[in-house]
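The values are calculated or read from the model by the stated rules, or taken from the named source; none is laboratory data. Only a predicted model underlies this, so the values are computations on that prediction, with no experimental measurement involved. Here Cβ is always computed from backbone atoms with ideal geometry, including for glycine, and neighbour counts include all displayed protein chains. Just so you know, the surface numbers come from the protein's heavy atoms only, side chains and all, with ligands and any DNA or RNA stripped out. Shrake-Rupley method; radii C 1.70, N 1.55, O 1.52, S 1.80 Å.
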Amino acid sequence: MNDVDKKFVCENCNLSSSYTFFGKRPPFARSIVLLEEAYVLRDPFSEDGGILVLGGHCSVCSTPICRAQDCSLFYSKRFCVRCVLQNMEEFPAEIQQEVTSRQLKNKCQ
Ligand SMILES: [Zn+2]
Ligand SMILES: [Zn+2]
């Protein structure tokens, strides 16, 4: 059982968790096709093949990044927060606003 050794670590927040599958179509949840190649954990509390998505890779810099709000953004592809900030003008205004308000919140802590 090497499955236990597979670890996903988020580059931004250092969240680490084991995962059961990386890709778009988890074999244990056949009805599910993900929008991105993602690190997936089989939901231990689900009996009908539920999954938990831990995160994926940033489509710009390929960094492994979790799906927490502070770490990444999914806008047709996944972007890590660093790449979002660096390419801010490529995103629509509502995304820019959202990211900016998150950054401000972080600074106040
Ligand atoms: Zn993270
Ligand atoms: Zn990135």
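Observations, loosely collected:
- Taking the listed residues LEU54, LEU41, LEU73, the one that is touching a residue at least 40 places away in the same chain (Cβ under 8 Å) and in a strand (DSSP E or B) is LEU54, with no other qualifying.
- Looking only at segment 19-37, and only at residues there that are among the hydrophobic types (A, V, I, L, M, F, W, C) and modelled with pLDDT of 90 or more, the one that is most open to solvent (accessible area, probe 1.4 Å): LEU35
- Of the residues making up segment 80-107, those that are part of a loop (DSSP other than H, G, I, E, B) and surrounded by 11 or more Cβ atoms within 10 Å (Cβ to Cβ) are ASN87, PHE91.
- Every residue from segment 38-69 that is within 14 Å of ligand 2 (Cβ to nearest atom), closer than 12 Å to CYS10 by Cα and either out of contact with any Phe, Trp or Tyr (no Cβ under 8 Å at 6 or more places or on another chain) or open to solvent by 30 Å² or more (accessible area, probe 1.4 Å) (or both): HIS57, SER62, THR63, PRO64, ILE65, ARG67
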